[in-house]
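Everything below concerns the one structure shown next.
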Amino acid sequence: MAESNGCVIESHGVAGFSVMKSDEGVTFLKYKYKDGRIENVRVRCKGMMLEDAVSNEYVQEKDGLKFGTGSEPLAKAERIYGGNWSGVEATYFLDSACFTTSFEAGKEHVFSINVCGDDDDINEFRKNFLNLLKHSETHYAEVEAK
């Protein structure tokens, strides 16, 4: 289970990922590549609806969604769906290959994940992360003040 500021991912039976929180309370997914290297990918939680995240981070064009914050070439983005959530994922190029996704954690909160690296690493991470999401449920739980 991963939790970031109330956004919760509950996954079932997917290998290669673990969760880490920094001393400052920042949540990271730790991904172990096939060759044993570890990548720490920050998990963000935003208080907004998915449609707002999509309009802020993606550009709607007549031939589909395109990711709008990377440099050329813009890569097509696709809608993704899970048991109780939907989202958008994209790959793009910004001096290296990048993968980003925004997906629901309840109707008024979204997760946001972004990672960049070489093509092979991003392809491996993307495939396995989307597999993790397919086997996950997401929700938002009020964070209690300390």
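The values are calculated or read from the model by the stated rules, or taken from the named source; none is laboratory data. Nothing here was measured: the structure is a model prediction, and the numbers come from that model. Reconstructed Cβ throughout: ideal geometry from the backbone, glycine too, with neighbour counts over all protein chains shown. Quick note on the areas: whole protein, heavy atoms, side chains included, nothing else; ligands and nucleic acids left out. Shrake-Rupley method; radii C 1.70, N 1.55, O 1.52, S 1.80 Å.
In terms of accessible area, using a 1.4 Å probe and ignoring ligands and nucleic acids, L133, L94 rank largest first as L94, L133.
Over the Cα atoms of the stretch 1-56, the radius of gyration divided by the Kirkwood radius equals 1.03; this is the Rg/Rh ratio. Using every pair of distinct Cα positions in the stretch 97-146, the Kirkwood expression returns a hydrodynamic radius of 12.4 angstrom. Counting only GluC sites (Glu not before Pro) that are in a DSSP loop and have at most 12 other C-beta atoms within 10 Å, tell me the longest site-free stretch of the chain. Looking at the chain, 25-141 is the longest stretch - no exposed GluC sites (Glu not before Pro) with at most 12 other Cβ atoms within 10 Å. Taking the Cα centre of the stretch 85-146 as reference, the dipole from Cβ charges on Lys and Arg (+1) and Asp and Glu (-1) amounts to some 220 debye.
Kindly identify the chain as rounded, prolate or oblate by the Cα gyration tensor criterion: order the square roots of the eigenvalues as a ≥ b ≥ c, call it rounded if a/c is under 1.5, otherwise compare a/b with b/c, prolate if a/b is larger, else oblate. The shape class here is oblate.
Here the chain is treated with +1 on each Lys and Arg Cβ and -1 on each Asp and Glu Cβ, and its dipole about the Cα centre works out to around 240 debye.
Quantify, in whole percent, the carbon and sulfur part of the accessible surface of the chain (1.4 Å probe; protein heavy atoms only).
47 percent
Per-residue ellipticity at 222 nm computed for the chain from its helices equals -5000 deg cm²/dmol, with DSSP H segments shorter than 4 residues left out and the rest contributing -39,500 (n - 2.57). Put the Cα centre of the stretch 1-64 next to the Cα centre of the stretch 111-129 and the gap is 11 Å.
If you add up the charges near L29, with Lys and Arg at +1 and Asp and Glu at -1, over every other residue whose beta carbon is less than 15 angstrom from its beta carbon, what do you get? With Lys, Arg at +1 and Asp, Glu at -1, the neighbours total +2.
Legend: residues V14, V19, sorted from most to least accessible area (1.4 Å probe; ligands, DNA and RNA excluded), read V19, V14. Placing a label point 7 Å from the Cα of H12 along the Cα-to-Cβ line, the residues of the stretch 106-140 whose backbone N sits under 14 Å from it are 132-138. Heavy-atom accessible surface of the chain, averaged per residue, reaches 56 Å², computed with a 1.4 Å probe.
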